[in-house]
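Undergrad: Below you will find the structure I want to go over with you.
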Amino acid sequence: MDRSRPRGFGGKIKDLGKFYTFLDKWQPRNLLDYGCGKGIILSHINEKYPDIRCYGYDPAIQMFSNLPASPVECIFSNDVLEHIEPEYLTDVLQNINFYSLKYIWLRIDTLPARKKLPDGRNAHLIQEQPSWWIEQIQKHIAGRMVYTQLTHKGKFDVAIEK
C-alpha cells in the first residue's frame with residue numbers, strides 16, 4: 001500500500017481547479033461523475049450542491065457499474081481519460097458526448113503516473129499534450145470549449161458548453 005494514499009487511489013478529495021466556478025455558473029439539475037472510482041469526489045459534490053442530482057459511473061466498481069437510464073445536463077470526469085486503453089478512447093469520448101446534454105468538465109493528466117500496471121506499463125496509458133487532447137475532444141464531442149488550462153502539475157482542464 002502507498003502510505004501517502006491511505007484510502008488508495010481515488011480515495012481522496014483533490015483540488016479541482018476552476019470546476020466549482022463552472023458548476024456555480026452552469027447550475028445543472030443533474031450531474032454524472034464519469035469514472036467516479038470509489039465515489040469520494042461524487043459524495044463531496046453531492047454534499048456541496050444538494051440541489052444537483054448526482055450519479056456516478058465507474059465500470060470497475062460494482063455499485064457504480066451502470067450508466068444512468070438517460071443523459072444528464074453535466075458530465076464531470078476527473079483523471080480518467082489518460083487511463084483508457086488508446087483503442088477505446090474514441091468510444092469513451094463519444095459516450096461522454098452522448099450522456100451530456102449541456103456541459104462537460106474534463107480533467108486530464110498529461111504526465112506519467114506514479115503507479116504501474118501489473119504488466120509494467122504506466123497507469124497513464126495515454127500521455128499526450130493538451131493540443132493532442134483538444135484535437136480528440138473536438139473530433140468526438142459536440143460543443144464549444146469555453147475554458148482550457150494546463151496546470152503546473154500537468155493537469156489539463158477543459159470546460160465544454162453544448
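Undergrad: Show the residue pairs that are 6+ apart or on different chains and have beta-carbon atoms under 8 Å apart, the first residue being within segment 118-130 and closer than 13 Å to GLU85 by Cβ, the second being β-branched (Val, Ile, Thr).
TA: Close Cβ pairs satisfying both conditions: LEU125/ILE84; ILE126/ILE84.
Undergrad: Would you point out which residue out of GLY35, GLY56 is in contact with a His (Cβ under 9 Å, 6 or more places away or on another chain) and either among the aromatic types (Phe, Trp, Tyr) or modelled with pLDDT of 95 or more (or both)?
TA: Within the list GLY35, GLY56, the selection yields GLY35.
Undergrad: Against the condition outside any helix (DSSP H, G or I), closer than 17 Å to THR148 by Cβ and at pLDDT 95 or above, how does LEU106 come out, does it pass?
TA: yes
Undergrad: Could I ask something else about it? List pairs: first residue in segment 136-162 and touching a residue at least 12 places away in the same chain (Cβ under 8 Å), second residue part of a loop (DSSP other than H, G, I, E, B) and among the small types (Gly, Ala, Ser) anywhere in the structure, Cβ distance under 8 angstrom, at least six positions apart or on different chains.
TA: Sorted first by the residue in segment 136-162, then by its partner, the pairs are GLN149/GLY17; THR151/GLY17; LYS155/GLY17; ASP157/GLY17; ILE160/GLY143; GLU161/GLY143; LYS162/ALA142; LYS162/GLY143.
Undergrad: Filtering segment 23-56 down to residues that are surrounded by fewer than 22 Cβ atoms within 10 Å (Cβ to Cβ) and among the aromatic types (Phe, Trp, Tyr), which residue is nearest to the chain's Cα centre (by Cα)?
TA: Per the criteria, the residue is TYR55.
Undergrad: Same structure again: Is segment 142-160 home to any residue that is modelled with pLDDT under 95 and touching a strand residue (DSSP E or B) at 6+ places or on another chain (Cβ under 8 Å)?
TA: Within segment 142-160, one or more residues are modelled with pLDDT under 95 and touching a strand residue (DSSP E or B) at 6+ places or on another chain (Cβ under 8 Å).
Undergrad: Can ILE75 be described as β-branched (Val, Ile, Thr), modelled with pLDDT under 95 and either within 16 Å of the chain's Cα centre (by Cα) or under 19 Å from LEU101 (Cα atoms) (or both)?
TA: no
Undergrad: Cβ-Cβ under 6 Å, sequence separation 6+ or interchain: first residue in segment 83-107 and of a type in the set (Lys, Arg), partner not in a loop (DSSP other than H, G, I, E, B). Which pairs?
TA: So the pair list comes out as LYS102/GLU73; ARG107/ASN78; ARG107/LYS155; ARG107/ASP157.
Undergrad: Ok, one more. If a residue has to be surrounded by fewer than 13 Cβ atoms within 10 Å (Cβ to Cβ) and under 21 Å from THR21 (Cα atoms) to count, how many in segment 115-145 make the cut?
TA: Final tally of qualifying residues: 1.
Undergrad: Right, next: Does segment 71-114 hold any residues that are surrounded by fewer than 14 Cβ atoms within 10 Å (Cβ to Cβ), more than 17 Å from GLY35 (Cα to Cα) and not charged (D, E, K, R), and which are they?
TA: Across segment 71-114, the qualifying residues are LEU111, PRO112.
Undergrad: Now for a separate question. Enumerate the pairs (first residue in segment 49-67 and farther than 13 Å from LEU32 by Cβ and touching a residue at least 24 places away in the same chain (Cβ under 8 Å); second residue anywhere and part of a loop (DSSP other than H, G, I, E, B) and of a type in the set (Lys, Arg)) with beta-carbon separation below 9 Å, excluding pairs fewer than 6 apart on the same chain, so at least 6 apart or on different chains.
TA: Taking only residues 6 or more apart or on different chains, the pairs are ILE61/LYS38.
Undergrad: If you don't mind, another one. Take GLY154 and tell me if it is out of contact with any helix residue (DSSP H, G or I) (no Cβ under 9 Å at 6 or more places or on another chain) and surrounded by 13 or more Cβ atoms within 10 Å (Cβ to Cβ).
TA: Answer is yes for this residue.
The values are calculated or read from the model by the stated rules, or taken from the named source; none is laboratory data. Because the structure is predicted, anything quoted here is derived from the model rather than measured. Here the Cβ is made from the backbone with ideal geometry for all residues, glycine too, and neighbour counts use every protein chain on show.
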